[in-house]
1. Give the cross-link partners of Lys103 among the lysines, using a straight C-alpha distance below 24 Å as the criterion and excluding same-chain residues fewer than 8 apart.
2. In the stretch 5-351, if the dipole is taken from +1 on Lys/Arg beta carbons and -1 on Asp/Glu beta carbons about the Cα centre, which of Ala154, Ala104, Leu229 is farthest to the positive end?
3. Would you work out if the stretch 287-353 is rounded, prolate or oblate? Take a ≥ b ≥ c from the square roots of the eigenvalues of the alpha-carbon gyration tensor; rounded if a/c is under 1.5, else prolate when a/b is larger than b/c, oblate otherwise.
4. May I ask you to list the aspartates and glutamates whose Cα is less than 17 Å away from that of Lys227, ignoring any residue fewer than eight positions away on the same chain?
5. Among Ala133, Ala202, Gly113, whose Cα sits farthest toward the positive end of the charge dipole of the chain (+1 at Cβ of Lys/Arg, -1 at Cβ of Asp/Glu, about the Cα centre)?
6. Tell me which of His306, Met254, Gln293 sits at the most positive position along the dipole axis of the stretch 216-353, charges placed on C-beta atoms (Lys, Arg +1; Asp, Glu -1).
7. Using the alpha carbon gyration tensor of the chain, what are the three equivalent-ellipsoid semi-axes (square root of 5 times each eigenvalue), largest first, in whole Å?
8. Fully extended, how many nm does the chain gain between Thr283 and Trp165 (0.36 nm per residue separation, minus their Cα-Cα distance)?
Amino acid sequence: MPEPITAVAEPTTAARDAPPAGSEFAPLLRTVKGQGLLERRTGWYTRVIAVNALALAAVITGVVLVGDSWWSLLLAPPLAVFCARAAFIGHDAGHCQISGDKKAARAIGLLHGNLLLGMSYAWWNDKHNRHHANPNHIDKDPDVVADVLVFTAAQAGLRSGFRGWLTRNQAWLFFPLTLLEGVALKVHGFQDLRRQPPRERALEGALLITHVAAYTTLLLTTMSPGKALAFAALHHALFGLHLGMAFAPNHKGMEMPDPDGERWGHLRRQVLTSRNIRGGALTDWFLGGLNYQIEHHLFPSMPRPHLRLARPLVRAHCQELGIPYAETGLVDSYRQALRHLHEVGEPLRAEWP
């Protein structure tokens, strides 16, 4: 198993690309802009969206043609894979990587999130933007709020009963729990409708209901209720696992800013809390470009195909400033993330009789 490579890198806030004059980030931003890496790649995204739409249509056609047979379950894995592609497209739309027009970006997000996945685009966008603004900040990043999992010893110290059991075993339970993420995303979307203003709620709610109705109709009109339930369970479990495998390496086990400590600038805030994953075209495809997590956090509006081009620039800049740039292989990234979750639960295991 390859050991993590530590170079030198700098964090950022991701929600804005313009840093204060004279900051550590400013020279890097000028270089990246000078090479045109923040310019949109409309043609590239058009091809990606079209290919994924055709792939989804092909799988759905296959479900109809196979019909009421257990062989139809073989189509659940490819459906999960192409649904994950749709989620990555929705993610990029939310960051305005596909289009600088907010209305167009929202339309793409609603299509891929609400309609295709049954996942609220507004809910995800709000949550994800707060994460980008303060990654791994225990008081400000919703991704490290104590819930099913905890990420600090202080959070673990408050757990007891069933939640204490979860924390003691969270490293072992992490990937099994991701099997529930596909359903959880739908539930969170419907719950978030109460927060949304009336017009947004009406549109988002209508699209979410349309997705559920279309998905249910597809399965129940092509196969028996038992096979339909098995297909839906397998599809959502693999979809959640795929997303979990894409998101797990990004920040778990990385620096967590001290809420009462020294305030980091944009560059350090983003780089020190993020981890890159080495690999080639297959890794880029499987992880939806999120393997370039450092570059993505520094330049959230940068189109996905440009992230790999920005990587050597960011590495060199961080090396010059003496800032750690965390990068490792895919398997080792999971090992590091799970090790962190295991260490957080250690005090509770020590107390357990």
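1. Lys127, Lys186
2. Going by the Cα projections, it comes out as Ala104.
3. Prolate shape, in that a/c is at least 1.5 and a/b is the bigger ratio.
4. Result set, ordered by chain and number: Asp68.
5. Of the candidates, Ala202 comes out farthest on the positive side.
6. Of the listed residues, the answer is His306.
7. Listed largest to smallest, the semi-axes of the chain are 33, 26, 19 Å.
8. Going from the current span to full extension adds 39.1 nm.
Read the figures in this text as sums done on the coordinates, not as results from a lab. None of the values given here were measured: they were computed from a predicted structure. With ideal geometry, Cβ positions are generated from the backbone for all residues, glycine too; neighbour counts draw on all protein chains shown.
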